[in-house]
Amino acid sequence: MDRQSLTARPSTALSGKVRAPGDKSISHRALILSALAVGEGRIDGLLESDDVLATAAAVAAMGAETERLGPGVWRVVGQGGLRQPDGIIDCGNSGTAARLLMGAVAGYPIAVRFDGDESLRGRPMARVSEPLVLMGARVSADRLPLTVGGGGHFGAPLNAVQWTSRNASAQVKSAILLAGLRADGVTSVTEPSASRDHTERMLPLFGVEVQRDGLTAAVGGGQALSATDLSVPGDPSSAAFPLAAALLIPGSRVTVEGVMLNPARTGLFETLVEMGADLTIANRREQGGETVGDITARGSRMRGVEVPPERAASMIDEYPILAALASAAEGPTIMRGLEELRVKESDRIAGTAAMLRACGAIVEEEPAGLIVQGQARAPSGGGRVETHGDHRLAMSALVLGLAASRPVSVDRPDMIATSFPGFVDLMTGLGAQMGPS
Ligand code: S3P
């Protein structure tokens, strides 16, 4: 794809049925747990995005045998643990890769250097290194690049901890639980509100017992993982983009099949229904330990709402696209409790506000919130949006551009491949006017 710029042009009604790409969070975990396990497992529906491929390369560098058998189909042979890699582990843009792998490495007598791109180098890692150091690992810095030296005293088990997280972060929780698998005793993590629980749901599929009680998850150390076959459900965070485009463009009807409906991930859909969106879910079924369904969106007139701050964790990656939708709704949409958005792939509060303004929308920025003044029709468009290398800002701006009266361009469209490599093809297949500028 052209690295320079991508443009979405005003489009008429979208229609069609598409399959959601594999869930990014689950894809990372499938690779990491398979690498920690003993034996061979097959992963179906793996998201082959840049972020997930960074994790695949990392686990291969640390001893797992990985083989791509076909699109989204991978064979992983785990060695029952991680080995010293030869070089640096490059996590690219991926916070999930960095934080989960730091936790996994902490349990082994190895010293691993982690690095990432400019965005990832700026993101806080103390939230992971603090508990890992308390458990007996050594971590050289609070930002990437950093080195994690695993094991209590190189080989001795880590100390179990009872950690209370300041942030509702599944990356922090998962890092501690993965380290806890190699600790002496029961390690627990308590969160201020519920973050996504994919690690807790997937570990039992590998034969590991996980205790859960309200906002606390715990694992006993010394449990071995045995390999298993996994099927990755569709990513609700990616499905959000074609569904949002259908809601914005009158007369549209788009179905996204196989979307994961884990309640820790569906806050956006709940909010959209409150806004009057015509969203229906059919064919609910089980896949890989999660419920999935087919979601249909039709062009809708929506009204602004106040999003409960306690819902933030269940839609944390969806605020940019919600803000884009809110700009076309009737009346204000108030989004608060969003301090975590300041430390995502970019500062997503500032980036979303600037994106909306570049498209002609009215928005106020707060330290931990956004208020969008919906104008009951899509904003004018006509802007070039700076995405700060953030894939979700890019896709949100492009979706808005389809409904606006003038085109919207984004810089750095190559970053879309960190989570949704097939985005442009999928959208144009539905009738969206989108292509290199
Ligand atoms: C993720 C957790 C969330 C989310 C990210 C993926 C995960 O981050 O924003 O895209 O896979 O655990 P935090 O844990 O920082 O909230």
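If you split all Cα-Cα distances of region 24-142 into 10 Å bins from zero, what percentages do you get per bin, shortest first?
Over region 24-142, the share of Cα pairs per 10 Å bin runs 14, 47, 32, 7, 0 percent.
Determine the principal axes of the Cα atoms in region 155-239, then give the extent along each, sorted from largest to smallest and rounded to whole angstroms.
43, 33, 22
Grab the DSSP H runs of the chain that are 4 residues or longer, score each as -39,500 (n - 2.57), total them, divide by all residues and round the 222 nm result to the nearest 500 deg cm²/dmol.
-8500 deg cm²/dmol
Based on the mean of other beta carbon atoms within 10 Å per residue, what is the order of 30-37, 289-296, most packed first?
30-37, 289-296
Listed highest first by mean packing, meaning other Cβ atoms within 10 Å per residue, what order do 236-243, 301-308 come in?
Put in order of decreasing packing, that is 236-243, 301-308.
Can you give the Kirkwood hydrodynamic radius for the chain, in Å, rounded to one decimal and based on Cα pairs?
Answer for the chain: a Kirkwood hydrodynamic radius of 21.7 Å.
Could you sort the peptides 143-150, 402-409, 198-205 by per-residue average Cβ neighbour count (10 Å cutoff), highest mean leading?
Averaged packing, sorted descending, gives the order 402-409, 198-205, 143-150.
Only bridges whose two residues both fall in region 24-223 count here: according to DSSP, what percent of them are antiparallel, nearest 5?
80
Which length gain, in nm to one decimal place, applies between A60 and T164 when the Cα-Cα distance is subtracted from 0.36 nm times their residue separation?
Extra length from A60 to T164 when fully extended: 34.2 nm.
Less than 28 Å apart at the alpha-carbon level, and either on another chain or at least 8 residues along: which lysines does that give for K344?
The reachable lysines, counting only those whose Cα sits under 28 Å from K344, are K24, K173.
Net charge around S405, counting only other residues with Cβ within less than 11 Å of its Cβ (Lys, Arg = +1; Asp, Glu = -1)?
Net of charged neighbours comes to +3.
Net charge within 12 Å of N159 by Cβ-Cβ distance, Lys/Arg positive one each and Asp/Glu negative one each, not counting N159 itself?
With Lys, Arg at +1 and Asp, Glu at -1, the net is 0.
Read the figures in this text as sums done on the coordinates, not as results from a lab. This is a predicted model, so every value here is computed, not measured. Backbone-built Cβ (ideal geometry, glycine too); neighbour counts: all protein chains shown.
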